[in-house]
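This report refers to the structure that appears directly beneath it.
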Amino acid sequence: MKNKFSLFVIVIFLSFCFVIFYKGLNTPNNYTPKVNEKNNIPTFKAKDFYSNNYVNSDNIFEENTFYIVNIWASWCVPCRTEHPLLMQLSKNQSIKLIGLNYRDNFNNAKKFINDLGNPYSRILIDKDGTLGVEFGAYGVPETFLIDKNKDIIKKFVGPINQEIVNEIKLIIK
Amino acid sequence: MKIVKIFIILFLITSFSELKSDEVNDILKSKILKNIRCLICQGQSVYDSESEFASSIKLIVEKKLNDGLKEKQIYQFLREKYGDWIVYDPHLNKNTYILWLLPLLLFLLGGAIMRQKLKFRN
């Protein structure tokens, strides 16, 4: 009776270990920060890409307008993939696109925009990546959707696709 | 001559205290960076990592310290941006209570088993 109980306990313990390891193997170990709650846009001062003048975030984001903040760089290959979709979004009158040029060379960035088109109503320079951190970004490309109350309501890590564009269009409708 | 000497001493004292405050800031900065996880090279702290994300975080921590923010305020700022996972020392909340309570439960369970065994022997 005692042996049977020990065997039962061992089987239960091994099954428990198997389930834990099996689940662990199937779950990706990489952590992706999620935006579950609404966050206010950060207050910052940044250099304008074309004029080289410092602009305040309060003068960039107006109330009652949807904004997309897209972090991009000329050296980032996925940024090229998503660029046509950003061009498509820029044609929508209900939304304005702000570009954050991340750790880039000015001439390369300018060539990127000249070659592929400029979907942004304003481009800001983030030379050392600290502006990206203020937004909660950790790489390029990343896209943030900001609502009419100046809250970040969505964050898309990696290049956006048609599905995401449709989702954005549905929200801003 | 006496006045010059006093000025020299005062100058040395003020320069020494400035150096000391810089040193204290550097120690605090290193402590904070060692407690922050790098999201790009996961498994490494920001202090050890050379990724672009880590170098941006190093700059932002320095900036926040210069702005007068305290250690806890910097952790809170990063938590708001990236979630609890960014800090090596997780807070007690609904996602981490098992992590905090399981060792205590196991300790109590072990104690109860030992007590039973000892009681049985006696």
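The values are calculated or read from the model by the stated rules, or taken from the named source; none is laboratory data. None of these values were measured; they are calculated from a predicted model. Cβ: placed from backbone, ideal geometry, glycine included. Neighbour counts: every protein chain shown. Just the protein is used for accessible areas: all its heavy atoms, side chains included, with ligands, DNA and RNA removed. Shrake-Rupley method; radii C 1.70, N 1.55, O 1.52, S 1.80 Å.
FRET efficiency for residue B:44 and residue A:80, Cβ-Cβ distance as r, R0 = 25 Å, nearest 0.05?
The value I calculate is 0.30.
By the scheme Lys and Arg +1, Asp and Glu -1, what is the net charge of all other residues having a beta-carbon under 12 Å from that of residue A:89?
With Lys, Arg at +1 and Asp, Glu at -1, the neighbours total +1.
Between residue A:19 and residue A:161, 0.36 nm times their residue separation minus their Cα-Cα distance comes to what?
47.6 nm
What does the buried accessible surface come to for A and B, summed over both chains, with the probe at 1.4 Å? Round to 100 Å².
1500
Strictly over 25 Å apart at the Cα level, which of A:148/A:169; A:155/B:94; A:38/A:169; B:58/B:94 would you flag in this model?
Flagged as over cut-off: B:58/B:94.
What does the charge count near residue B:89 come to, summing +1 for each Lys or Arg and -1 for each Asp or Glu among other residues with Cβ under 15 Å from its Cβ?
With Lys, Arg at +1 and Asp, Glu at -1, the neighbours total +3.
What is the distance, in nm, between label points placed 7 Å from the Cα along the Cα-to-Cβ direction at residue B:59 and at residue A:110?
For the pair residue B:59/residue A:110, the computed spacing is 2.1 nm.
Could you check the spin-label model distance between residue A:7 and residue B:93? Points 7 Å from the Cα along Cα→Cβ, value in nm.
4.8
Just checking chain A: which Cys have no other cysteine's beta-carbon under 4.7 Å?
When partners are defined as cysteine Cβ atoms under 4.7 Å apart, chain A leaves A:17 without one.
Counting only Cα, what are the radius of gyration and maximum Cα-Cα distance Dmax of chain A, in Å?
22.4, 85
What is the diffusion coefficient of the protein assembly as shown in µm²/s, taking the Kirkwood radius over Cα pairs and the Stokes-Einstein relation at 20 °C with a viscosity of 1.002 mPa s?
So the translational diffusion coefficient is about 92 µm²/s.
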